[in-house]
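For reference, the structure discussed in these notes is given below.
The values are calculated or read from the model by the stated rules, or taken from the named source; none is laboratory data. Computed from a predicted structure; not experimentally measured. Cβ placement follows ideal geometry from the backbone for every residue including glycine, while neighbour counts extend to all protein chains displayed. Each accessible area value is taken on the protein alone, full model and side chains, heavy atoms only, with ligands, DNA and RNA left out. Shrake-Rupley method; radii C 1.70, N 1.55, O 1.52, S 1.80 Å.
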Amino acid sequence: GHCTWFNKDVDRMYLASEPIKKIAQNRGGVPDEKIVMSGLPIRYDFAAQADAMGDRTTEEGKAHQKKIREELNIDPSKRMILVMGGGEGVGSLSSIVNELYAKLRTQGVDATICVVCGRNEQLKNDLETRCWDTVVSQSLNSYASLKSRVVTKLLTPHASRSRRIQAALDRAAAKAAKGKDVAEVPGNVDVIPLGFVQNMAAYMVAADVLVSKAGPGTIAEAAAVGLPIMVTSHLPGQEAGNVDIVLDGGFGDYCEDPETIALELACWLQDSQLLDVMSNKARIVGHPHAAEEIAKDIGDTTHEVMEKNMK
């Protein structure tokens, strides 16, 4: 955050995170009494879904998720991964989807991969006609090479990765080292390409994991509904701090390599307790009602000023 983002003479400053609060105070000189930790304002749809679902790790939360999946024509018996890269569907989405399909199928994980292509019609059409058997054969040249890559990549520690996530990856690597990471029965995996999505809140509720760039709005939306996140990229400077929100919050990880992304997500999806822990940590960070709370506070403050001026 740059010091020019902040003005100490405002009546209220609404902030989304503690790191930004420190910057506002240290660089902008904004006094503490003017700062309101509101969270990032997001669309009302997310507040409505968050209220309806509650804690997604409870039976009530799971029942709501199942209901939403059925409304979206998504198999409620499978894991669901939501992959997105912005409104234009840019980034390494195609490679990430390929690796996800291959790794989930090989490890016997039944899953649906919903890919938000945005306005990228070429990507959407390509995914609809892609030969997925070819994708698997190209991704997994041999079992021996797969095993070596699994062990090497999953054992690589990340300085900011939560201990709970790292412990799960260590177990997965140990399993791979013993040759137990390729399932006898392949996973039932299907890919659903989507265009420009208007009901993103519903899709985030339906998902078990989100794969996305480090957009602040996307992270705030996911946290609001307790959705773990794999962050795959960020813009230099302005989005770097968003990655820290996910890592420090313990509800996701950061990785740019498509194969490593797929290996780690396959591990997450086979560890229900890990997903529950990450979901609960996301909800701690989330502020689904930030927009209405900010609007109400502005209204209350304005009313107080008007009353003082009338005296």
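Figures for the structure shown
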{"quantity": "Subset of the range 37-89 that is small (Gly, Ala, Ser) and in a loop (DSSP other than H, G, I, E, B) - its residue that is farthest from residue 18 (Cα to Cα)", "calculated": "77"}
{"quantity": "The range 22-49, subset among the basic types (Lys, Arg) and at pLDDT 90 or above, residue most open to solvent (accessible area, probe 1.4 Å)", "calculated": "43"}
{"quantity": "Tally, over the range 212-260, of residues that are within 25 Å of residue 174 (Cα to Cα), out of contact with any Ser or Thr (no Cβ under 6 Å at 6 or more places or on another chain) and hydrophobic (A, V, I, L, M, F, W, C)", "calculated": "5"}
{"quantity": "Out of 227, 247, 235, sole residue that is part of a loop (DSSP other than H, G, I, E, B) and either open to solvent by less than 30 Å² (accessible area, probe 1.4 Å) or hydroxyl-bearing (Ser, Thr, Tyr) (or both)", "calculated": "227"}
{"quantity": "So residue 185, is it at pLDDT 85 or above and over 27 Å from residue 84 (Cα atoms)", "calculated": "yes"}
{"quantity": "Residue 166, sole failed condition from (1) more than 20 Å from residue 81 (Cβ to Cβ); (2) loosely packed, with under 14 Cβ neighbours inside 10 Å; (3) at pLDDT 75 or above", "calculated": "(2)"}
{"quantity": "Considering residues of the range 250-272 that are assigned to a helix (DSSP H, G or I) and among the charged types (D, E, K, R) only, the residue farthest from residue 96 (Cα to Cα)", "calculated": "264"}
{"quantity": "Number of positions in the range 172-221 that are farther than 19 Å from residue 272 by Cα, of a type in the set (A, V, I, L, M), within 23 Å of the chain's Cα centre (by Cα) and not in a loop (DSSP other than H, G, I, E, B)", "calculated": "8"}
{"quantity": "Residues of the range 285-311 that turn out to be closer than 24 Å to residue 217 by Cα and either in contact (Cβ under 8 Å) with a residue 12 or more places away in the chain or open to solvent by less than 10 Å² (accessible area, probe 1.4 Å) (or both), as a count", "calculated": "12"}
{"quantity": "Filtered residues of the range 53-64 (kept if farther than 17 Å from residue 282 by Cα and surrounded by 14 or more Cβ atoms within 10 Å (Cβ to Cβ))", "calculated": "64"}
{"quantity": "Residue in the range 288-300 that is assigned to a loop (DSSP other than H, G, I, E, B), over 30 Å from residue 106 (Cβ atoms) and at pLDDT 90 or above present", "calculated": "yes"}
{"quantity": "Failed item, numbered, when residue 190 is tested on (1) closer than 23 Å to residue 136 by Cβ; (2) of a type in the set (D, E, K, R); (3) buried (at least 20 other Cβ atoms within 10 Å of the Cβ); (4) modelled with pLDDT of 95 or more", "calculated": "(3)"}
{"quantity": "Residue list for the range 104-124, filter: touching a residue at least 24 places away in the same chain (Cβ under 8 Å), within 17 Å of residue 194 (Cβ to Cβ) and open to solvent by 30 Å² or more (accessible area, probe 1.4 Å)", "calculated": "119, 120, 121, 124"}
{"quantity": "Test: residue in the range 174-184 that is touching a helix residue (DSSP H, G or I) at 6+ places or on another chain (Cβ under 7 Å), surrounded by fewer than 19 Cβ atoms within 10 Å (Cβ to Cβ) and either free of Cβ contacts under 8 Å to residues at least 12 places away in the same chain or under 24 Å from residue 61 (Cβ atoms) (or both)", "calculated": "no"}
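Let's see how each residue does on (1) under 29 Å from the mean Cα position of the chain (by Cα); (2) in contact (Cβ under 8 Å) with a residue 24 or more places away in the chain; (3) within 20 Å of residue 288 (Cβ to Cβ):
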| residue | (1), (2), (3) |
| --- | --- |
| 7 | no, no, no |
| 11 | no, yes, no |
| 14 | yes, yes, yes |
| 17 | yes, yes, yes |
| 36 | yes, yes, yes |
| 43 | yes, yes, yes |
| 50 | yes, yes, yes |
| 57 | yes, yes, yes |
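Per-residue answers, yes or no, for (1) among the polar types (S, T, N, Q); (2) free of Cβ contacts under 8 Å to residues at least 40 places away in the same chain:
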site: 237; (1), (2): no, yes
site: 244; (1), (2): no, no
site: 247; (1), (2): no, no
site: 253; (1), (2): no, no
site: 265; (1), (2): no, no
site: 272; (1), (2): yes, yes
site: 276; (1), (2): no, no
site: 279; (1), (2): yes, no
site: 283; (1), (2): no, no
